[in-house]
Structures are given as C-alpha cells and as structure tokens.
Amino acid sequence: MTKPPVRRRRNAERTREEILQAALEEFSSMGHSGARVDRIAARAGVSKPMIYDYFGDKDAIYAAALREAYVQIRRGEEQLALDPDDPREAVRELVRFTMDHFRRKPWFIRILNSENLMGGQTVARMHDAAEIQSVLVKRLTRILAQGAEQGVFRPDVDPAEFYVSVASLCYFPISNMHTLRVVFDLPLDDPWIERRAEEASDMLLAWLTIKTD
C-alpha cells in the first residue's frame, strides 16, 4: 500500500533535480534574458507546463537554479574530509575542491556572472542565502581557530573574507581560461589547473602563517 506513493515521490524529486540542472545549463549559457523555458523543458525531457507547475514563471525558475548552484557547491564542501586538527592540509583540500568544482561545473561561474551583471537582485531576495553559506563559514571558522590555537595561523582571520580569497584565486584561471590560453599561450589543461590549485594553496598558507622573525 505504501510503495506507489514512495515511487511517485522519488520520481518527483528526480524530475525536479533534472529541471534544475537543465535550468542551470540554460541560464548559464544564455543569460537571464536569453534563456528560454522551452529549451529548459527539452533539456530536462519534460513539458513546459510541468516546469511551471514545479517552479512558477521564468524568474522563479531562474531563482531556483541560482539557489541550486550555491547548494551544490556547499554540499560538495560539506562532504570534504577537512580535518581541523590538520588545518594546513584542510586549507589545501578546500582550495583543490574549489578549483576542481569551478573547472568541472563551468555553469557555476557563468550563472554567477549573469547574476552579478543584474546587480545581484535575485540572490538579494533569496531568503535562505545566509543559511546556505553558513555550513562553509562554520567549518572554516573551526579550521582557522584550530590553526591559531596550534600557533601556525594568524589569529585575526575572518572566515568569510578568507573564502573570498580562496574563491578569487580559483575563479580567475577558470573564468578566463580561453583568453589566458590565447594571450599568454598557456596550456590550461588538467595538470596546469592542478598546479595552480597547489600554488594558490601555497599563497594562502603563506599569508595565514604566523611570521617567526
């Protein structure tokens, strides 16, 4: 008696995820103004009326896709085995993940670019934006505090501002890879990106490290 409702609920959840992923790809490729709900429906393999039933109008679909972009990166960070007892390695793991996420999910950078071009209007209306980010901030707070207690990190580091530095160093090589490849004749292949992640970690750790002289 209970199996059919469970099966329908799972299908509904999977359909919602597929629509959100299709919306992420469409909005990140075409921008808010250029995106079309019929193409989102085609990508997801559903009808336009079904998308409207799930989310509402185009603005609501975009808002849900933007929220999903944040949810996915925070979910990935939450699954990282960041050991607060080894804060230096924890920082390296976070940087590696961030660079890899930007590289493997290029729609993340593109949809954030679109939102910034619109002045951040949609994310400003996202009621749980701070809550979504709080998991990362809490974990970074623990890592930075442990590093300070161990005497290896400076004690005056704001976790949110530190993450801005992490994201900045990982963001530029991915967001500008095509122009960097042409202008500077850089390979921008996987080994190069991985090396950039290690070098970004070195820079961040050098800034975090307490000077002994």
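Computed from the coordinates by the stated procedures, all read-outs in this text should not be read as laboratory data. A quick note: this is a predicted structure, and the numbers were derived from the prediction, not measured. Cβ atoms come from the backbone with ideal geometry, glycine included; neighbour counts cover every protein chain shown.
Helix by helix, which DSSP H runs in the chain go 24 Å or more along their axis at the Cα atoms and have an average Kyte-Doolittle hydropathy of 0.0 or more? Qualifying helices: 129-149.
If you take the square roots of the eigenvalues of the alpha-carbon gyration tensor of region 127-213 and sort them as a ≥ b ≥ c, do you get rounded (a/c under 1.5), prolate (a/b over b/c) or oblate? Oblate shape, in that a/c is at least 1.5 and b/c is the bigger or equal ratio.
For the chain, what's the relative contact order in percent, using C-alpha pairs closer than 8 Å and at least 6 residues apart? Contact order relative to length: 22 percent.
When the P(r) is computed for the chain, the part past 21 Å accounts for 61% of the Cα-Cα pairs. When the Cα gyration tensor is reduced to axis lengths a ≥ b ≥ c, the ratio a/c is 1.5 or higher for region 92-141, and with a/b not above b/c it is classed as oblate. If Lys and Arg each add +1 and Asp and Glu each add -1, what is the summed charge of the other residues whose beta carbon sits under 13 Å from the beta carbon of SER33? Taking every Cβ under 13 Å from that of SER33, the sum is -1. For region 107-158, trypsin sites (Lys or Arg not before Pro) meeting the loop criterion (DSSP other than H, G, I, E, B) and having at most 10 other Cβ atoms within 10 Å: ARG125. Remark: spin-label model distance ALA81-HIS178 equals 3.8 nm, labels positioned 7 Å along the Cα→Cβ axis.
Peptide packing: for 96-103, 116-123, the average count of neighbouring Cβ atoms within 10 Å per residue gives the ranking 96-103, 116-123, highest mean first. By definition, a body whose alpha carbon gyration tensor gives a ≥ b ≥ c is oblate when a/c is 1.5 or more and a/b is not larger than b/c, and region 1-102 fits this oblate description. Summing Lys and Arg as +1 and Asp and Glu as -1 over all other residues whose Cβ lies under 14 Å from the Cβ of ALA81 gives a net charge of -3.
Please give the length that would be gained between ALA12 and ASP53 if that part of the chain were fully extended, namely 0.36 nm times their separation in residues minus their C-alpha to C-alpha distance (nm, one decimal). Gain on stretching ALA12 to ASP53: 13.6 nm. Label zone of ALA160 (point 7 Å out along Cα→Cβ, amide N under 18 Å): in region 74-98 this covers 74. Legend: ranking of residues PHE184, PHE153, PHE172 from fewest to most surrounding C-beta atoms inside 10 Å; resulting order PHE184, PHE172, PHE153.
Under a model in which nothing but the beta-carbon of Lys, Arg (+1) and Asp, Glu (-1) is charged, region 3-208 shows a dipole of about 1080 debye around its Cα centre. Region 41-63 and region 89-143 have Cα centres lying 24 Å from one another.
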